[in-house]
Structure formats: C-alpha cells, structure tokens
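Report on the structure given below.
The values are calculated or read from the model by the stated rules, or taken from the named source; none is laboratory data. Quick caveat: nothing in here was measured; it's all calculated off a predicted structure. We place every Cβ from the backbone using ideal geometry, glycine too, and count neighbours over all the protein chains shown. In case anyone asks, the SASA skips ligands and DNA or RNA and just uses the protein heavy atoms, side chains included. Shrake-Rupley method; radii C 1.70, N 1.55, O 1.52, S 1.80 Å.
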Amino acid sequence: QVQLVESGGGLVQPGGSLRLSCAASGSISSIENMAWYRQAPGLQRELVATITSGGTTYYSDSVKGRFTISRDNTKNTMYLQLNRLKPEDTAIYYCYANMGSYVTWGRGTQVTVSS
C-alpha cells in the first residue's frame, strides 16, 4: 500500500507564493499518475493538476500559468508550487496517487489566502 502525507500549507497574502509537498511511502514503484486536488468550504473537491510517471502535466484552467506540479522520484515526493495566489485559491489541498488497481489520498493541507 502507498501512503501520502502533505505539508507546506499556511496563510499567505494575495499575490504570494507557497510550495506544497506530498511525500509518498510504501509500494512507491506501483504509482502511475499523481495529482493535486483541492476543496473549498461548501464546494466539491476539484482537480488542480496531474503528473504522469513520465512527467506529463495537466492543469485546470483556474491555475494554469500560476501553479506548477512536479515530482522528484529520487525523494518519492511530489510538489505543487503556488504563485500569484488569490483568495479564491483558499482550500484544503489533497495529494492523490493512482496505482492502477487502487487509488489513495493524503489527509490534506490547508492553504489560506487572505490579507
């Protein structure tokens, strides 16, 4: 089984930056695709960005050009660089991994964008 632990969230002013990390442990070799999702209060969880094992990335329109997803396979860690943050980016950010036969989620890290 794969376990995921997010870190790096916090309070930041509009226009600021944060870097989220997602550390994976367990059967790392079984991970195919990874992704970041977020869920704001009262809203459904939404896809933010994905990255394949080969490094191909996808971004939702709301974050394209501001966020960057990456993964360091030597450290078993995925990252999300958040730049030019807006108040509407406030949410709990979740790490996701797809192993083909099952998926797993982290517990999330809170990002709050406020002045």
Exercise for the section: Mind grabbing the accessible area of residue 69 for me, 1.4 Å probe, Å², rounded to tens? Expected result: 10 Å²
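Let me check against my output: what whole-number percent is the relative contact order of the chain, with C-alpha pairs under 8 Å and at least 6 apart?
Relative contact order comes out at 37 percent.
If you roll a 1.4 Å probe over the heavy atoms of the protein chains, what accessible area per residue do you get for the chain, in Å²?
Working: 6060 Å² over 115 residues.
Accessible area per residue, the chain: 53 Å².
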Exercise for the section: List every residue whose amide H lies under 5 Å from the amide H of residue 45, counting only residues 5 or more places away in sequence or on a different chain, with H placed 1.01 Å from N in the peptide plane. Expected result: none
Practice task
Just name one of 104, 30, 40: the one whose Cα is farthest towards the positive end of the charge dipole of the chain (beta-carbon charges, Lys/Arg +1, Asp/Glu -1).
Solution key: 40
Problem - Calculated P(r) tail over 12 Å for region 1-57, as whole % of Cα pairs - result: 76 percent
Handout entry: If the convex hull is drawn through the Cα atoms of region 54-115, its volume per residue in Å³
Key = 114 Å³
Fill in the blank from the handout: Note on the chain, DSSP bridge orientation, antiparallel percent to nearest 5 equals 95 percent
Handout entry: Percent accessible area from carbon and sulfur atoms, the chain, protein chains only, probe 1.4 Å
Key = 47 percent
Exercise for the section: Find the relative contact order for region 60-115 and round it to a whole percent, using C-alpha pairs within less than 8 Å whose residues are 6+ positions apart. Expected result: 27 percent
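Suppose every Lys and Arg Cβ carries +1 and every Asp and Glu Cβ carries -1, with no other charges. What dipole size does the chain come out with about its Cα centre, to the nearest 20 debye? The partial results should precede the final answer.
On the way: 10 positive and 7 negative charges, 36 e Å.
That gives the chain a dipole magnitude of about 180 debye.
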Fill in the blank from the handout: Quick numbers on the chain, Rg and Dmax over C-alpha atoms in Å, give 13.4, 43
